[in-house]
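Just so you know, all these numbers are worked out from the coordinates, no wet-lab data involved. For clarity, every value in this text was computed on a predicted model and none was experimentally measured. No Cβ is skipped: glycine too gets one built from the backbone with ideal geometry, and neighbour counts run over all protein chains shown.
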Amino acid sequence: MLGYGRRVTASTYHHGNLREALVSAGVEVVREHGADALALRDLARRVGVSHNAAYRHFAGRDDLLAEVAGRGAAELMGTMTRRLESVTVDDLVLRARMRLAEVGRSYVEFAVREPGLFRLAVSAIADVEASPPYLMLAEVLDDLVAVGYLAPEARRGAEIACWSGVHGFSCLAIDGTSRLDHDAALEVLLTTIDRSYGATTGQVASPLPGPAA
């Protein structure tokens, strides 16, 4: 089994908080080594309790993985929300366009910063269309229609097009299989999406500002 480095002793958590201690340790393991390295027995050893004590809180590895994946998904949503809230321009069309770009930037930002948590969180999504990131993207796309930038007939399926492009880019960025300047290449991708949506209503889009946060 993998050694996980410095052990968290039983004295570092209060009685009744063992579940939280195990989940927090699991998050750190996924950050450092990826989801494949996650094992309940090893986490129990890291926290400083018996594996029987750990199994009183989780039926097995899958239950623990689901909990850690939930933490990763929450961190992803936190990153996306922060970047969306950073868009404060008054022009409604520009604001909607910038918010779509920030959704893409935040998704890639989290993937590059937390590749282990990102992979686990995304792989654990059972219903993409009901997931918080997808719903956030849908809301931003609806805003583009509302301000007249994206034609209603072009709105159908836009989530999948955006998600596929940005998710594929994220995988290229974290797998190290591309020699691209990732920051510049991401802006090309986001600009291409932005211009294609403006074209559906005959608008010649002004250049998008850079990252808002």
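Points worth noting:
- Counting every C-alpha pair in the stretch 87-182, the share spaced more than 23 angstrom apart comes to 30%.
- Inter-part distance where the stretch 184-213 and the stretch 69-95 are each reduced to a Cα centre, Å: 18
- Range in the chain, longest, excluding exposed trypsin sites (Lys or Arg not before Pro) [loop by DSSP; at most 13 other beta-carbon atoms within 10 Å]: 57-155
- Restricting the stretch 128-191 to chymotrypsin sites (Phe, Trp or Tyr not before Pro) in coil, as DSSP defines it, with at most 14 other Cβ within 10 Å: none
- Relative to the longest principal axis of the Cα atoms of the chain, helix 61-85 runs at roughly 40 degrees.
- Taking semi-axes √(5λ) of the Cα gyration tensor in Å as calculated from this structure, the corresponding entry among (1) 30, 17, 15; (2) 34, 18, 16; (3) 40, 17, 14 is (3).
- Length gained when the stretch residue 91-residue 31 is fully extended (0.36 nm per residue, less Cα-Cα span): 17.7 nm
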